[in-house]
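The values are calculated or read from the model by the stated rules, or taken from the named source; none is laboratory data. If you're wondering where the values come from, they're calculated on a predicted model, not measured in any experiment. Every residue, glycine among them, receives a Cβ derived from its backbone with ideal geometry; neighbour counts consider all protein chains shown. Ligands, DNA and RNA are excluded from the accessible area calculation, which covers all protein heavy atoms including side chains. Shrake-Rupley method; radii C 1.70, N 1.55, O 1.52, S 1.80 Å.
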Protein chains: 2
Amino acid sequence: MYINVMTNGPNHTTRAELPQADPLDHFLCFSVYAAGLAFNRVYKPLLDRYAVTYPQYLAIVALSSKDGQKVSELGERLFLESNTLTPLIKRLETAGLVSRRRDPKDERVVRLSLTPTGRDLADEALQCVPGEILQATGMSSEDLSSLNQTMIALGSALREIE
Amino acid sequence: MYINVMTNGPNHTTRAELPQADPLDHFLCFSVYAAGLAFNRVYKPLLDRYAVTYPQYLAIVALSSKDGQKVSELGERLFLESNTLTPLIKRLETAGLVSRRRDPKDERVVRLSLTPTGRDLADEALQCVPGEILQATGMSSEDLSSLNQTMIALGSALREIE
DNA sequence: TGCGATTAAATCGCGAGCGATGTATATCAA
DNA sequence: TTGATATACATCGCTCGCGATTTAATCGCA
């Protein structure tokens, strides 16, 4: 009926008079926002055992595929910049999960690696956490996979604006 | 191929040896997270003209449908609680967009309404902002609508866990 | 009526996300 | 070689999200 990235919502001129559905229901940006909140809340108790936050966990997953990534490389994967990542990574370093060292070839660059503890956490969390959540969505593996592709494409499209 | 809410990612045992795709690509939670970041960044310059943030804007949209909502009612719509909403609403009050008054029938309750300025902002932003973003996604109105329904359902399913 | 339990918001402290700016290293051109 | 420019990361101040706690008002029930 109405668009959902953002729309005028149901009949603007009578908005004040008619009982109406929640206008937020027409906003894709809101359903994505709310699903993000919900994911965060589902993961939190699972990640509490490892004493990492959800964004920290995503960083660890991103770091698990390759040692010695730069801060800027990690940022490209996570779509974040050093103003967000530097403090986050320092917390992971303090927690003993990540090591940071300046690249001797270029002292401006910081190279990141998981410590053995960090790698163990990545492996364990990657193996243990997912099943419960997968089931909880009540969606088939195929549906989830195609939804994931759609969301990746949506993110790409939005990032290309301007 | 692999699950996408959260999965082991490509072949765990060879993770360290093989060049491999970004394991984050297999996480629906990450694609949702990244799309949320992207939406935020797309909206920011558009909302800057109105000097409101993205979450403030969502609150204004939620408030635009009905006057006199309680903080808790707004929270149910936005999936947020008073610890987040109270400061946000106070900023909107300071900006002259929202009015807060205690309910005389129950002094514990705070009733929220858009001021005329706030309503103008809601109307204007609701009418002006969407089109550009809709186009930018490169998706049809129907696809966006069904994606929205899917994301609403996903959020609901995640919220029902436990 | 009075008092403990419940409820609605507010407050506090922390991690995250980000615009703006700062600092140190590297590069390049004259 | 040197000075200007560019690059990589760090820092700062703000808003947001949230667990935990607090304050104030209301309710329930003896």
Residue and distance (whole Å) for the chain B Cβ nearest the axis that superposes B on A: B:GLY36, 2
J(HN,Hα) series, the range B:139-146, from Karplus relation 6.51 cos²θ - 1.76 cosθ + 1.60, nearest Hz, glycine and proline x: 10, 6, 4, 5, 4, 5, 5, 6
Using a 7 Å Cα-to-Cβ projection, A:GLU76 label spacings across copies, nm, ascending: 4.8
Accessible surface ranking that places the most exposed of A:TYR50, A:TYR43 first, with a 1.4 angstrom probe: A:TYR50, A:TYR43
Backbone HN-Hα couplings from phi across the range A:56-61 [Karplus 6.51/-1.76/1.60, Hz, Gly and Pro as x]: 5, 5, 4, 5, 5, 4
Relative contact order %, the range B:49-130, counting alpha carbon pairs below 8 Å whose residues are six or more apart: 32 percent
Computed accessible area, B:THR86, all protein chains, 1.4 angstrom probe, square angstrom: 50 Å²
Sequence of A:CYS128, A:CYS29 when ordered by accessible area, the most exposed leading, probe 1.4 angstrom: A:CYS128, A:CYS29
Relative contact order %, chain A, counting alpha carbon pairs below 8 Å whose residues are six or more apart: 15 percent
Exam field: B:VAL109 pseudo-label spacings to other copies (7 Å along Cα-Cβ), nanometres: 6.1
Protein accessible surface hidden between A and B, which excludes ligands and nucleic acids, total in Å², probe 1.4 Å: 6500 Å²
Of all accessible heavy-atom area on the range A:75-162, the percent that carbon and sulfur account for (1.4 Å): 47 percent
Using a Förster distance of 22 Å, the FRET efficiency for B:ARG100-B:CYS128 (Cβ separation, nearest 0.05): 0.25
Exposure rank, largest accessible area first [B:SER140, A:SER65; 1.4 Å]: B:SER140, A:SER65
Reach of B:LYS70 by Cα under 17 Å, taken over lysines that are not fewer than 8 positions away in the same chain: B:LYS90, B:LYS105
Placed amide H near A:ARG111: partners under 5 Å, 5+ positions off or other chain: A:ARG101, A:ARG102, A:ASP103
